[in-house]
Every structure is written in C-alpha cells, then in structure tokens.
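A short write-up of the structure that comes next.
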There are 2 protein chains.
Amino acid sequence: MFELDPTHDASLRSWVPGANGHRDFPIQNLPIGIFSSAAGTQRAGVAIGDQILDIPATLTAGFFSGIARLAAETASGSSLNAFLGLDPEVRNAFRHRLSELLQTNQPDQDKLTRHLHDSTSCQLHLPAVIGDYTDFYTGIHHAENVGKQFRPDNPLLPNYKHVPIGYHGRSSSIVPSGIPIRRPQGQYKAPDKEEPSFGPSQRLDYELELGIWIGKGNELGQAIPIDQAWRYLGGFCLMNDWSARDIQAWEYQPLGPFLAKNFSTTISPWIILPEALAPFRIAQPSRTPGDPSPLPYLQSPSDQKQGAFDIRLEIFLVTPGLKSKKLSPYRLAQSNTRYMYWTASQLITHHTCGGCNLRSGDLIASGTLSGPDATECGSLLETTLGGQKPILLPSGEERRFLEDGDEVILHAQGVRQGFQSIGFGPCSASVTA
Amino acid sequence: MFELDPTHDASLRSWVPGANGHRDFPIQNLPIGIFSSAAGTQRAGVAIGDQILDIPATLTAGFFSGIARLAAETASGSSLNAFLGLDPEVRNAFRHRLSELLQTNQPDQDKLTRHLHDSTSCQLHLPAVIGDYTDFYTGIHHAENVGKQFRPDNPLLPNYKHVPIGYHGRSSSIVPSGIPIRRPQGQYKAPDKEEPSFGPSQRLDYELELGIWIGKGNELGQAIPIDQAWRYLGGFCLMNDWSARDIQAWEYQPLGPFLAKNFSTTISPWIILPEALAPFRIAQPSRTPGDPSPLPYLQSPSDQKQGAFDIRLEIFLVTPGLKSKKLSPYRLAQSNTRYMYWTASQLITHHTCGGCNLRSGDLIASGTLSGPDATECGSLLETTLGGQKPILLPSGEERRFLEDGDEVILHAQGVRQGFQSIGFGPCSASVTA
C-alpha cells in the first residue's frame, strides 16, 4: 500500500517563498488541481505554499523525463481524469519528481520560478469531469445521532455494521470551493400542517465529509478485490454535502434523499494524492469489540492495519453579524476521518462487488463525519438537535439552521508527531437567497 | 407543445424497402441513434424500416440546408449530446427534412440509397454520454403493489400524491439493448437467518420503465417552469431497470436502492423524438377524483391536457426451455405509459425546482409502469408476489425470479386510430452467471 518515503521527510524544505511551514501546502503535500490565471486557459497545477506550479509549462520546459513525464503528459488537458487513471507507481514517480524540483537544492530554481503563479490571482476549477458521485454513510456517530432523533432506543438500523450504506448523488451540481450556494426552493410539510407547501427551505444545513477521488476504473461486471482496492484510489478532498432538512424529511421515503441534496455540493478543488496521506494512515479504529466481523469480501489484514486515516476536521461559520463586528469565524465543530466505520478500500470493493463500474474521476464521499462528543457534530441537525437547541454566537446571533449570508468553511489537516502537517486547502461557500 | 403536422400523416409512404408498415420504424417515426457498421466509426443514424440512414454521410452529400443543416451538424460526432441540446424547432426542422428525403416522391433516392445501411449488420451504441441518471417512481400501481406487500392497509406513503418521488441512479452501468447482464453478487440476509451472507443474487428481477432523454439543459440554480418544461425534452426510450430484490431488501434502509440496481440498466438505443410521439399524447389520466391538486409549480393547463402518453408496453420472456422447445417468447405482462402519475414535464420541473441543473443527455426514468390488473405488472416482484406465486411457462418451467439464460424483451408501441403505429425498437438482454 502507501509507504513512507523521502518525500515525507519533515526536514525537507522548498525554495518557493512561503512554502515552508505553510498550513496546507508545504513540500510534503503537493496536491494537483486545475487552475486558470487571468490570461490563461484551464490547466493542471500543483500547489506549493501560496503558489501554483504550472504543469504543462513545466513539462514543455523539459523538467520531466521517464515515467514522471508520462504522468505529466496525462495532466496536460483541462481535466485530470486521465491523470487519475494512472497506476499508483506512475503517479508516485511524478510526485517524487515534483518534490525534487521544489526542494531547496534545486539548481533550476530560476527557470522554474517562471512557471509559478500566485494562487491569489488564480481561479481553481473542478479537477475532473465527475462521471458518477456516490455518497456513503460511514460516519457511525452521525448515523447514531440522527437515528436517535427518530428511534431513541435503537438508533442504528440492523444492516449498519454489516453493509456499507450508500446511495448515488448528483454529479452535475458539484461545484468547487467559493461558488455561492443558492438556498433551494422545494416541497415540505410542517408537522402541524395537513398539506405540504412550496417555498425556500427553512432548514438549510451543511454536512462535513471526506471526498474520495476514484483513480483507475474497473470494467462493468468486474469486482475490485479488497486487497487491490487501494490501487484504485486517486486522491482525496473535503466535501460539504449541503442538505435541506425540511425537503429531505418530506421526500425521502421510500427511495432516499433527492432534491434535499442535489441543489449543490461543494468540494475543495485540490486533489490530495493518496501518497501524501501515507503518514496519517492508521489502523481501523471505529469497530469496537462485539461488532460483527466484516464479511470476507470486505476483509483484508493490510487494510485493517492501515486503511483508515487520522485527519483532523473542523467546521467554521462566518455570519453577517460576526463579520460586521469583526469577530473571528466561529468554530462549530471539530471531528476526524477516523470516525469512518468503513475504509476507503472497503467502500471501493463494496461499490464494485456486484459488478458496478467505477470510472477515473468518479467521486465517493464518506458521509457526514461526526465524533462521539457533542462538540464533534458534522451537521447542524445534530448540533442543534434538529433546531431545538440553537447555537448562540459571540455576535449575539442565534443559529438553528443556516441563514442567507452565512459562510461555512471546512478545514482538514493531517497532523502526526515527527511529520510535517499538511492540509486540504479551502472548502467554503456562502449561502445566498 | 407538440403539434400534429404532415410528418404524422398515416398515408405517408417511404421508398425504402420494408419501411412501410414496419412495426417500429415507419417513416412517421424517424428516431435517431449512434451506430457503427463493420468498417465504420460510431456515428449518427436514423432508423427507417430495417435500414439506417447515415447522417454525417447524408450531410456531407449536401442533403441538408438551412436550419435542418444546423441540426444535422450537431449530429456529426460520436454522441448525440449536442443534438439533444437543440431547441425543439431546430430538431423538428431536421425531422421534417428527413421525412422529405425518405418519402416516395423523393427524386434523389438513388443517391440516398448509398447512405443506407442494413441494420442487421450494424451495431447500436449508447446514443449519448449520460451525465446523470435519475429514476422516478411515477408508476402508481407499482407503488401500490409493492407497498401492499409491506403495508396491506396503507400501501401508498403520505407523500406519494404530492411530490414526485425519485432518486439518483448510476449512469456508468447503463448499457444498450443486447449486452448480456451479469447476475450480481452481493450481501443479503434471509428472513430466517441471523446474519447476512454474500453470493449471487437469488431474486433477480426486471423493471419495465419509460426512459426520458433530457434535451436542453438548465443552469445551476435556475428552475425550469412547468410551462417551459416540454422544451427541455430530448426524446424517449425503453428501460429495463434490473433489480436484485434480496440485495435491495437488505441495503435500502435508510438511503434507498444502491447495489441492488447499479450493476446494469438496459435501454433501447434509438432516441424516439418528442415530435414523433405527438399523435399519442393524451390528457393526464392517472389522477382520480379526490386526489390532491398538484402544488402550483407543477400545474399547467396545457400539460394536464396533453402531457401524458398512450404507449402500449409489453414484457416478454425467453427461457432456455422455451427456446429448446421452439416455443414463442412468453408474454409476462402488458402495460402502458398512461399509468405514470406525473408527466414528463412535471418530472423535469420538479427535478430542477431547487436549482439542480440538468444537462443534455441526462436520462430520467419513469419508474416501473404497472397497470391496475394482475396481467399488467412491470416486475416479477409484483407478478409472483415476491416469489410466492410462481409463473408456469408453456415449456413446463416455473419462474419466481429470473434464472441464468433467461432473456427479457421489452416492447413499446404508440397506437392510435387514424395514425400509423410506431415502436421504440429492441430493448432486450439475457442474464448470465
């Protein structure tokens, strides 16, 4: 699977100004995305500090050779689907070469500097054409928190610990960080009303999720065995699965969420490569003694040993009131990817076990990641108990659900003793009427 | 909306041998698809009898001009997404020109004959790159039949007659007619067992559905008003939404069907243009007195008057036993698109009412279309009451669910007094181990 190597060395330093100690993008991270500068077209770039290295330009200038060159060539169009389809070894050769190019001992710094763009003057786009998007439900504490609101004595359904629950989401409305989210109109029925009505959602919520990019695809009818599943991972991002709770409550029986979720989904636009997350891999922590063993098709000793991730997650809120009083973003919750009940490999294997084909650039999401503590809720539905217990903000404002003008900011960071921390970059958006 | 015009005249005849009186593709139909002949690439063609008119070749030969030429130019690649995105008026100019070219009075028959291909020597492909696929649940008799198995006294959920129920399906595994369907493996739990197990589905089923191609798309955040929705219709097809009932029963709570459906979905590859179905439009028949009025955003007098379709549907089964005894395909059921509780326009408007964007080439499905009678069930789940009441075939075989080697054939035909009948062409596939 994903081994530690010299690119993870905490002592590595970059010649790019501002990269060393950068919260998200030090030289140990090197995520890839699609950007455009004021004058240029959409093209691949790699984030380093607050700069973006232009990959097609660096390729044309002759900085890649051998396998790394093959990889860079797949990243020369306006989307990264072909790059995502690479074998991990090829992708890693590219990552190693990038690490070399951006290290302090690099003799070609001057030539490379020409291919750097200030990220504040660039726009980030969706990194791939997303064929299909699947949302799982691996956050066991979220499932329990939500289940408790309906079934206090029996919050988890009988299938939860046996089968990874998931459903297909909408790919057309996935947008990169920064695009405003329009409050959806829809049908809902108030508990005290006889009939439903139509209007703007009154219970707009966020959901904190980990996004998983599919790397290589599989053929229709060909399942991916659990021990091979890591080879099909293309990368990671943050996701805000905006949810309209009133629309959801009325429409979701019996076929699941639909318009309550498909009006927009925000993702962080940088693809964090699986190799960059190697230091933050951990043994599967969320199963507790007494839980059923996964069925054999979902069992793998190596996946059990290092298939999960320890990545810190945070949710911040900026309201019009906080902004006008110049108060800091309010931290709504912290959480962690370790609360996933199933690993990314288990999700890939389960998704394909019946023959369903995944394609490079498909997106899978973890489902809402909440922790066991009340400060670790990944949605307002949980934090405010469905609006019953409002949050009081330092501005004096109250929130049961999101209001127009609110901005939700998600943050993710891998932190481990002896290693350089890395982050996922921005995943934020404001709500508009 | 869609008006009757001279292209619908029952007396129109074609010079193409075999076209007149053809069950599916007389000159009044003229569906478009993507085909390849032995030597050629994938390209657009129009079905006429048992022949296919090569559109790019006909275009190059100068047979289109003006608006019809603009339309034909959008159909010159390997998929019809751009063609689907045309305004109805442009698409209809193309249809009118095709009708002229293929009528008996056409002076250029000899030149056009060169661009005809025998359909039996051609392969049909998916006509478009399907961005997103949405499956609705508009078959009210199906919803009642299935609901009765769980809740005999209260088969329909409270939301059913207010909100069009739908969910997102899998686009990657949609295949054209003729591709064998592999029986999926998956997790299921027998009612008498404590624990789930993993293996080939024992309860494989078909579902008879109408497919709706999205024509023009809408921008994210921009709802499509009900009176405009017909302009976003791109065409129609048949769909078999293969379903593994044992996997479905175990996985579907609380987020809906997932692996039970995403292993494969079969569609008929010809796009039946909305204009070709004009003679078969009818007033919305499925609402009964006492049903709630649709909320205003789903109400339109013109849609209510002619938004539904009278298209006869049939399901046939061919088993190894029937084949070896040279017996005819067994008709499992007949049904009709009139059993849709919501019109295609209502589905489009509802889908976009919260801002969700549809793209040209997206596919929407009606959900299983069953009638009120026991001979009108669109799935085996209904026909055999979940396997309790097996079907006895003339070969002596019994069927509760599908077995390996079984072939399911769907058929659709518009029939109306005074008009030429038209069909949708083949939608069939065999089940393999």
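The values are calculated or read from the model by the stated rules, or taken from the named source; none is laboratory data. For clarity, every value in this text was computed on a predicted model and none was experimentally measured. Neighbour counts are summed over all protein chains in view; Cβ atoms, including those assigned to glycine, are modelled from backbone coordinates with ideal geometry. Accessible surface is based on the protein model in full, side chains and every heavy atom, while ligands, DNA and RNA are left aside. Shrake-Rupley method; radii C 1.70, N 1.55, O 1.52, S 1.80 Å.
Structure summary
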{"quantity": "Accessible surface of the protein assembly as shown, 1.4 Å probe, proportion on carbon and sulfur as whole %", "calculated": "50 percent"}
{"quantity": "Extended-chain gain in nm, criterion 0.36 nm per residue less alpha-carbon gap, B:Gln334 and B:Asp87", "calculated": "85.5 nm"}
{"quantity": "Theoretical ellipticity at 222 nm over chain A - DSSP helices of four or more residues, -39500 (n - 2.57) apiece, nearest 500", "calculated": "-5000 deg cm²/dmol"}
{"quantity": "In sequence order, calculated HN-Hα J values of segment A:395-410 (Karplus, 6.51, -1.76, 1.60; Hz; x Gly/Pro)", "calculated": "7, x, 6, 10, 9, 9, 9, 6, 10, 4, x, 6, 10, 10, 10, 9"}
{"quantity": "Candidates B:Pro127, B:Pro279, B:Pro155, ranked by Gaussian network fluctuation over chain B, Cα under 10 Å, top entry", "calculated": "B:Pro155"}
{"quantity": "For B:Ser264, distant residues with modelled amide H under 5 Å away", "calculated": "none"}
{"quantity": "Approximate spin-label separation B:Ile391-A:Asn20, in nm, with each point projected 7 Å along Cα-to-Cβ", "calculated": "7.4 nm"}
{"quantity": "In Å², nearest 10: area of A:His117 left accessible to a 1.4 Å probe", "calculated": "40 Å²"}
{"quantity": "Hits among aspartates and glutamates - C-alpha to C-alpha of A:Lys111 under 17 Å, sequence gap 8 or more where chains match", "calculated": "A:Asp54, A:Glu100"}
{"quantity": "Shape call, segment B:270-354: gyration tensor on alpha carbons, a/c limit 1.5", "calculated": "prolate"}
{"quantity": "Axis-nearest residue in chain B [Cβ, rotation onto A], distance in whole Å", "calculated": "B:Gly256, 1"}
{"quantity": "³J(HN,Hα) computed for each position of segment B:422-427 - Karplus, 6.51 cos²θ - 1.76 cosθ + 1.60, integer Hz, glycine/proline x", "calculated": "10, x, 9, x, x, 9"}
{"quantity": "Label-zone membership for segment B:276-290, site B:Leu156, 7 angstrom Cα→C-beta point, backbone N under 11 Å", "calculated": "B:286-290"}
{"quantity": "Charge dipole (debye, nearest 20) of segment A:269-352; +1 at Cβ of Lys and Arg, -1 at Cβ of Asp and Glu", "calculated": "520 debye"}
{"quantity": "Qualifying trypsin sites (Lys or Arg not before Pro) for segment A:128-225 [loop in DSSP, other Cβ within 10 Å: at most 15]", "calculated": "A:Lys193"}
{"quantity": "Amide H within-cut-off set for A:Arg182, under 5 Å, with H built and near neighbours excluded", "calculated": "A:Thr432"}
{"quantity": "10 Å Cβ neighbours from other chains, averaged over peptide A:355-365", "calculated": "3"}
{"quantity": "Förster radius 41 Å - calculated FRET efficiency between B:Lys305 and A:Thr41, Cβ distance, rounded to 0.05", "calculated": "0.25"}
{"quantity": "Cα gyration tensor, segment A:140-227 - rounded (a/c under 1.5), prolate or oblate", "calculated": "oblate"}
{"quantity": "Whole-Å distance, taken between Cα centres, linking segment B:96-150 and segment A:248-266", "calculated": "31 Å"}
{"quantity": "Average beta carbon contacts from partner chains per residue of A:258-268, 10 Å cutoff", "calculated": "5"}
{"quantity": "Set of aspartates and glutamates near A:Lys189 by C-alpha distance (under 18 Å), chain-local residues within fewer than 8 positions excluded", "calculated": "A:Asp205, A:Asp246, A:Glu251, B:Asp291"}
{"quantity": "Crossing angle, helix A:140-150 versus chain A [Cα axis fit, 0-90 degrees, rounded to tens]", "calculated": "20 degrees"}
{"quantity": "Rounded accessible area of B:Ser328 (nearest 10 Å², 1.4 Å probe)", "calculated": "90 Å²"}
{"quantity": "Cα gyration tensor shape for segment B:4-142, rounded if a/c is under 1.5, else prolate or oblate", "calculated": "rounded"}
{"quantity": "Average accessible area per residue (Å²) across chain B - probe 1.4 Å, nucleic acids and ligands excluded", "calculated": "36 Å²"}
{"quantity": "Restricting segment B:36-123 to trypsin sites (Lys or Arg not before Pro) in coil, as DSSP defines it, with at most 16 other Cβ within 10 Å", "calculated": "B:Arg114"}
{"quantity": "Cβ-vector label at 7 Å, A:Val415, separations to other copies in nm", "calculated": "7.2"}
{"quantity": "Surface accessible to a 1.4 Å probe, B:Glu195 within the full protein complex, Å²", "calculated": "100 Å²"}
{"quantity": "Shortest-first distances to equivalent copies, position B:Pro152, nm, label 7 Å out along Cβ", "calculated": "3.3"}
{"quantity": "Per-pair calculated FRET efficiency, R0 = 35 Å: B:Thr375 and B:Asp9 via Cβ, rounded to 0.05", "calculated": "0.55"}
{"quantity": "Mean-position separation - Cα centroids, segment B:1-67 and segment A:358-433, in angstrom", "calculated": "54 Å"}
{"quantity": "FRET efficiency, 1/(1 + (r/R0)^6) with R0 45 Å, evaluated for A:Ser324 and A:Glu219 via beta carbons", "calculated": "0.20"}
{"quantity": "Per DSSP, loop GluC sites (Glu not before Pro) in segment B:148-239 with at most 11 further Cβ within 10 Å", "calculated": "B:Glu194, B:Glu219"}
{"quantity": "Test item: A:181-189 mean partner chain Cβ contacts at 10 Å", "calculated": "5"}
{"quantity": "Estimated buried accessible area (total), pair A and B, 1.4 Å, Å² to nearest 100", "calculated": "5100 Å²"}
{"quantity": "7 Å along Cα→Cβ, label-point gaps from A:Gln334 to other copies, nm, shortest first", "calculated": "6.9"}
{"quantity": "Net charge dipole size for the protein assembly as shown [Lys, Arg +1 and Asp, Glu -1 on Cβ; Debye, nearest 20]", "calculated": "160 debye"}
{"quantity": "Length-normalised contact order for segment B:296-396 - Cα pairs under 8 Å, 6+ apart - percent", "calculated": "28 percent"}
{"quantity": "Student exercise, chain B dipole from Lys, Arg, Asp, Glu Cβ charges, in Debye to nearest 20", "calculated": "260 debye"}
